[in-house]
Each structure stands twice: as C-alpha cells, then as structure tokens.
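> Before I ask anything, let me first share the structure, which is written out below as structure tokens.
The values are calculated or read from the model by the stated rules, or taken from the named source; none is laboratory data. From a predicted model like this one, the values you see are computed outputs, not experimental measurements. Cβ placement follows ideal geometry from the backbone for every residue including glycine, while neighbour counts extend to all protein chains displayed.
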Amino acid sequence: MKTPAQLVDQYRVARLPGGKLLVPNPASIPADDKAAIATQKAAITEELARREAASLAAARANGAARREQAASATVRVMWFDGERLGGWQPADADSQRTLEALGVGEEIGGWGWLVPAHVVDELGTEFTGAEAAALVKPATAAAHVDRVTKVIDDPERAKAEAANTGRPVVAYISIVPCDGAVEECHEDT
C-alpha cells in the first residue's frame, strides 16, 4: 500500500475548503489506489496540511532573509526630472529591489519608484537599507495617525470641524455583522 505522501505526489491530490480532497482525473486512477485514498483521507489531509505549513514557513524565512539582506545593502539614489515623474529615484535595479523589500518609497502607477525626499535630505544619495527603513517607519506611522484626527458622530459638526482644521474627520462609523449573504460582505474587514 502506498503512503499518503506517495499518493499526494503521484495523483496531485489537493485539499479543498471543508476538508474535501480534490483528485484530478479520478477515472485514470487504479481501483486499489482509489481505495487507498478513501481509507487514508485523514492521513492525506494531514500530509497536505504539513506541506502547506512547510511552504508558508519557507516563504516567511525567504522574506525575512530578503529583508535582512536588504537592510545591509547599499542604496544609491539620483534626482530624475522627467516629464511625467520627477523626484528621487533608485539609481539602479539593486537599489530599487532593496527599497521595495523594506517598504521605503512607493511605486507611482508604473512610472517608477520614488524615494521620499526627507530620506535623501537626512541620509544623502548613498545609504544603507537599514538607515532608510529606520527613518521612514516612524514617519509612516505618524502620517497614518495624522490622517484622521477625530471621530465625530454629528455629521454637521464633523463638516464644520473639517472646514476649520482642513483635516479629514470621520463623521460616522457603522459596524454591521457579516452573514455572507452579500458579495461585498467580507468577514475579515
């Protein structure tokens, strides 16, 4: 009798939501292997879960290794004054990959990658990824907090507050339970 790992590999068995197994082209599977899949369903499900966990762990380790490598990499930026996009941009592909891995700067609609001016003002045109990440993360958090300063329940008062301060104000917050009946309803939001 074949092991669950052998059955998964040979017949490309996959796990569906709800604990069901998907076996592509079941008509081509010999009867004894079909019976083995049916009797070893729990073990096959465990094998698939183990593989998914291993794949996720490898992806996390790869991401961590990329961020660690990016932190020690040297980044070079140059001023680019283009017709469509102007500003501080990575001078080479390695610098751009480093900045992307660390979340420093932003992609502007396919036109290019922009580095915040305050990073260049503070660090110059050549710096390490770790220096840029340390400089940008606190500023990003502060910008997020500054985006919405108050929550006001009265819509008229909220409009007046927004007009006076020039900042966005949340006028109304509604939390509705998700029953899954509407396509736009997502339980994780």
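> Return the only residue of V104, V169, V136 being surrounded by 14 or more Cβ atoms within 10 Å (Cβ to Cβ) and at pLDDT 80 or above.
Checking each option against the conditions leaves just V104.
> Any chance the range 78-96 includes a residue that's surrounded by 13 or more Cβ atoms within 10 Å (Cβ to Cβ), assigned to a helix (DSSP H, G or I), touching a strand residue (DSSP E or B) at 6+ places or on another chain (Cβ under 7 Å) and at pLDDT 85 or above?
Yes, that holds for at least one residue.
> Mind checking which pairs have a first residue in the range 76-98 that is within 15 Å of F127 (Cβ to Cβ) and a second that is in a loop (DSSP other than H, G, I, E, B), Cβ under 6 Å, 6 or more apart or different chains?
R76/A91; V77/A91; V77/T125; M78/A91; Q89/G112; T98/A73
> Related question: Only residues in the range 49-67 that are farther than 20 Å from G18 by Cα count as the first member; pair them with residues that are modelled with pLDDT of 75 or more and in a helix (DSSP H, G or I), Cβ under 9 angstrom, at least 6 apart or cross-chain, and list the lot.
Filtered contacts from the range 49-67: G63/A101; R66/R97; R66/A101; R67/A101; R67/L102; R67/G129; R67/A133.
> Take the residues in the range 139-156 that are of a type outside the set (G, A, S) and under 26 Å from the mean Cα position of the chain (by Cα); name whichever of them is modelled with the highest pLDDT.
T140
> Kindly indicate the residue of the range 1-46 that is among the aliphatic types (A, V, I, L, M) and in a strand (DSSP E or B) and also surrounded by the most Cβ atoms within 10 Å (Cβ to Cβ) among those meeting that condition.
Going through the qualifying residues, I end up with L21.
> Select from the range 107-133 the residues that are in a strand (DSSP E or B) and of a type in the set (A, V, I, L, M) and write down the one among them that is surrounded by the fewest Cβ atoms within 10 Å (Cβ to Cβ). Don't jump to the end; show me each part of the working.
Let us first name the residues in the range 107-133 that are in a strand (DSSP E or B), namely 107, 113-115, 126-128.
Subsequent filtering for residues that are of a type in the set (A, V, I, L, M) retains 114-115.
Details: L114: 19, V115: 25.
Applying the filter and picking the extreme gives L114.
> For the range 47-70: of the residues being surrounded by 13 or more Cβ atoms within 10 Å (Cβ to Cβ) and at pLDDT 75 or above, which is nearest to G124 (Cα to Cα)?
The extreme case among them is R51.
> Going residue by residue through the range 31-49, is there one that turns out to be among the aliphatic types (A, V, I, L, M) and within 28 Å of the chain's Cα centre (by Cα)?
yes
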